[in-house]
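Report on one structure; see the data block that follows.
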Amino acid sequence: MKKTVFCTFLLLFFLIVKGQEKITYQSLDSKNPIKFNGKSIVYKGKTIELGPKSFFIDRELTDAQTARYPYVYNSVNEAVKHLTDGNETEPMTLFIAPNVYWIDNPDDPEIRKPEDNGSVPYGLIIKCEWLKFYGLTDNPENVVLAANRGQTIGAVGNFTLFKFSGQGTSSENITFGNYCNVDLNFPLKPALNRTKRASAIVQAQLIHCDGDKIVARNTRFISRLNLCPFVGGKRVLFDRCHFESTDDALCGTAVYLNCTLDFYSSKPFYWTRGTGAVFLNCDIKSFTSGNQFFTKANGQVAVIDTRFSAENTIYLGWNDNIPKETRNYQYQVSLNNNPVFIEKKNPASTVDMSNLAVLDAYRFNFNGKTIYNTYNLLAADDNWDPMQLKNTVLAAEKENQKKYTQLPTQLLISSSQNAIETNKDKAVLKATVNRFGNYELKGEKIIWSLEDKDTTFVSLKPNKDGSECEVIPNNSKNEVQTILITAKTASGLEAATVIDVAPPKLASPSFAKAPQLSKINNGIITLKYQIDSSFKDESQVNWYRCSDSTGKNAIEILVSRDNVPLVSYPLTINDTGYYIMASVAPKHIRSDAGKAFTVITPKPISSRDITADSNILSTDFKNSSTKNQLAIIPGFWTFAPLEQEKNGTPSNLKDVWYYGEGIDGANNKRGLLQTGRTGKLLYTAAKRDYTDMKLILDVTPFKTAGQGFSVAHMYMDVLIKYNPETQSGYGLRLIRTTKHHDAVDCILLEYKNGVATEISKAVTTNAFNGDCTITMEIKANQFMAKVSNSSSTVKKATTDGVYPEAMLDAIIQPGVSGNFGILYNGGSPTMINEIHAEWK
């Protein structure tokens, strides 16, 4: 009994002593010391008691230490398992000591995939109200929350470090980094340095969120493509933050205050939403060359007291294909210490706020200081004031006798219709004035105006306060007029809209001379007709091959485009044995197209009718029909989905290819394009045996950096001597890989029954952008290919094995097929400008 009591006493004594054991603790950052006693931390003289809403995290603590104390952890991942919802006055705070915290294990070889039928793989999904990440350091580089995965590099989909669900998420003195394409350097403890996962820049994201009142202070956001810093937040403030990114990267609903940004590509925003993004007193370094834009897909941006710097001569613009309706705002912007006007080539798109009252919504002077009016921008209807500026703004209002609150930053126009006809329609325009954050403000007087040249085509009838305006058409000319209508407020907000105004539409014309086909002359069939009108003829003429004189089994071959009737049909070897039919829908410049009238050759085309060289085919697709044509027929193009359904492709499927205008890298060009992300284009040659063959394609990818396609492993196969029925033959694959973000690999392939096998080594080139030419030739048993670029200024290979052009060859056993084509699986489109084929 005495022995039991004694043992119990010893155990209690041991536990008491152990509980009073002094903790030996030292932060990695000696300049910002932290005291830790298990129950509290002391930082900068302030004692922070740990509890259900105050956690302490330090990776240097052992598992035994963290197990001993509640609310103490050595990983962020473990800490977030125990969160309690915070509120605006008492947030749930994670006090994080300097270190590198891998949210996703960089050494785990498993590929991350989206969960629960989602499209995005996340490192960590956190649901918590008013969650705050607080780094216990002055230098945000010393507290790093990290991952190193991206699209196709460690993940399927755009890997994203965090997803936050909840109001009031915030960070301070933190680095959020995705080190998939960026080296992690950690001077406090170099052993934690880590080399980037890959050189190829892929979508490697940071933070998605769905809440309001999001704040980041003294926070670094590090990645490259698709940075995504708190993307999805309704009102977001970045205060003294740093960003490094390429395209499609920034939060488009945020105020960037006193921030530094490094742009490594030309479009840091994919788009901005609603009232958009605001830069206040920021420093932006551009590492692009030529053009530095803000958005890829438009949206409002305001840039105030912001300094750009660049080693190269750059042009500052809002968007590389800017709509006429764009109205963005600037004040005191410089480039390399010289004043600069954004979008100088399209000056109407930029409102310079100098001497305009709208500037007060963003900044004003008070007591000799510049005040950035974040209170006006972020207060909304709940007086949110993350910069504690309200009292200063109200004092300035009183002293300066000016209003600095509830000031709008956006004017929008919505139209009941975008095209109107004289004597028939009218458009009703509605003006909406918004405060930042998409809060509508009523009662602003709107003034509407037209350019002088347009006053004869429309009249404007605004209501009393200008909130609505009727547009009455009065176009007496024959051509449709495109009218720009502008709205303004007294403070200087602007908006614009474009409306097409047509003259009164007349009845479709009849034929003064009925359509007929001329006799074949020098290999050309000519359509002759005359519409019964003095107006310009814009009849729609389409040409078909048919199996008999009644037009049976008609397949569309050529079409009119741009309102120019296609009255000539050049015969080729592919027309042999077919009847040629023309369909004419009479139309003039003032009418719609009438009922089509068809004419057809009285007998099928014979080889004697054809003068064109049967060994050459050249087309730029300007008048080619691009309707889906799924059958494999000698002499015909096949326009089809890349993968057809087992039971056939539905007849109502949207056309997979179209002829139209390009954007981005193919801006101001026209050619054949993929409607979606994929497509099959095949040409089946007329029946005969073919030996040697040459194929030349001129193409223009929308991507401008040389990567060609949306993500790694997407590709385009150019086929030659290919049998589409057996899916056998040869090809050249251009493919984006994980090795480079500005180049593609080129590889020769042999297809057997739909299975592609590489028959050459890969050659990496940056030629696949701009004016790119793909040349493929088969002579006897030698297969040669070349990918080059006439617009490239690069003349030699780079140190990492990227060549200015790709040249490949292989020994093959070619068949007698003369077919060729394209299998497109590239995501981002590539324009086909011209195809030239030669046979022997």
(message) Let me confirm something: among K285, K324, K344, which residue is in contact (Cβ under 8 Å) with a residue 40 or more places away in the chain and either surrounded by 21 or more Cβ atoms within 10 Å (Cβ to Cβ) or under 24 Å from the mean Cα position of the chain (by Cα) (or both)?
(response) K324
(request) Please determine, by comparing only the residues of the stretch 784-813 that are at pLDDT 90 or above and not in a strand (DSSP E or B), which one is farthest from S289 (Cα to Cα). (result) Q813
(request) Evaluate the stretch 511-523: report whether one residue or more is farther than 28 Å from F639 by Cβ, touching a residue at least 40 places away in the same chain (Cβ under 8 Å) and basic (K, R). (result) no
(request) Test Y256 against the stated conditions and say whether it is hydroxyl-bearing (S, T, Y), outside the structural domain of T295 (by TED's automatic domain parsing) and under 17 Å from S171 (Cβ atoms). (result) yes
(request) Please indicate, with yes or no, whether at least one residue in the stretch 379-396 is of a type in the set (G, A, S) and in contact (Cβ under 8 Å) with a residue 60 or more places away in the chain. (result) yes
(request) Of all residues in the stretch 601-620, count the ones that are touching a helix residue (DSSP H, G or I) at 6+ places or on another chain (Cβ under 8 Å) and in a strand (DSSP E or B). (result) 1
(request) Having 3 or more residues that are of a type outside the set (F, W, Y) and farther than 26 Å from D609 by Cα is the bar; report the strands (runs of 3 or more DSSP E) wholly within the stretch 482-597 that clear it. (result) 494-502
(request) Return the pairs, sorted by first residue and then second, in which the second residue is in a loop (DSSP other than H, G, I, E, B) and buried (at least 17 other Cβ atoms within 10 Å of the Cβ), the first residue lies in the stretch 458-480 and is free of Cβ contacts under 8 Å to residues at least 40 places away in the same chain, the beta carbons are less than 7 Å apart, and the residues are 6+ apart or on different chains. (result) K477/P503
(request) Go over the candidates G729, G770 one by one and state the one that is in contact with a helix residue (DSSP H, G or I) (Cβ under 8 Å, 6 or more places away or on another chain) and either within 28 Å of I616 (Cβ to Cβ) or not in a strand (DSSP E or B) (or both). (result) G770
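Conditions (1) surrounded by fewer than 20 Cβ atoms within 10 Å (Cβ to Cβ); (2) on the phi > 0 side of the Ramachandran plot; (3) more than 31 Å from the chain's Cα centre (by Cα), marked per residue:
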| residue | (1), (2), (3) |
| --- | --- |
| N376 | no, no, no |
| A379 | no, no, no |
| N383 | yes, yes, yes |
| N391 | yes, no, yes |
| A396 | no, no, yes |
| Q401 | yes, yes, yes |
| Q410 | no, no, no |
| S415 | yes, no, no |
(message) So, in the stretch 761-782, how many residues would count as being of a type outside the set (K, R) and farther than 24 Å from T830 by Cα?
(response) 4
(message) I'd like the full set of residues that are surrounded by fewer than 16 Cβ atoms within 10 Å (Cβ to Cβ), in a strand (DSSP E or B) and in contact with a strand residue (DSSP E or B) (Cβ under 9 Å, 6 or more places away or on another chain), limited to the stretch 327-341.
(response) S334, P339
(request) Within the stretch 87-116, track down each residue that is in a loop (DSSP other than H, G, I, E, B) and surrounded by 18 or more Cβ atoms within 10 Å (Cβ to Cβ). (result) P91, A97, P98, I103, D104
(request) Give I616, I632 a once-over and let me know the one that is β-branched (V, I, T), touching a strand residue (DSSP E or B) at 6+ places or on another chain (Cβ under 7 Å) and loosely packed, with under 14 Cβ neighbours inside 10 Å. (result) I616
(request) Check the stretch 652-671 and report whether any residue there is aromatic (F, W, Y) and part of a loop (DSSP other than H, G, I, E, B). (result) no
(request) Residues being among the small types (G, A, S) and part of a strand (DSSP E or B): count how many of those fall in the stretch 422-451. (result) 3
(request) Kindly establish whether K81 is at negative phi, outside any loop (DSSP other than H, G, I, E, B), of a type in the set (K, R) and surrounded by fewer than 21 Cβ atoms within 10 Å (Cβ to Cβ). (result) yes
(message) Can you go through V755, V763, V718 and tell me which one is aliphatic (A, V, I, L, M) and surrounded by fewer than 18 Cβ atoms within 10 Å (Cβ to Cβ)?
(response) V755
(request) Look through S165, S119 and report the one residue that is within 24 Å of D239 (Cα to Cα), under 29 Å from the mean Cα position of the chain (by Cα) and surrounded by fewer than 17 Cβ atoms within 10 Å (Cβ to Cβ). (result) S165
(message) Looking at V42, V76, V72, can you tell me which residue is hydrophobic (A, V, I, L, M, F, W, C), within 38 Å of the chain's Cα centre (by Cα) and under 21 Å from L28 (Cβ atoms)?
(response) V76
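The values are calculated or read from the model by the stated rules, or taken from the named source; none is laboratory data. Keep in mind it's a predicted model, so treat the numbers as computed, not measured. Cβ atoms come from the backbone with ideal geometry, glycine included; neighbour counts cover every protein chain shown.
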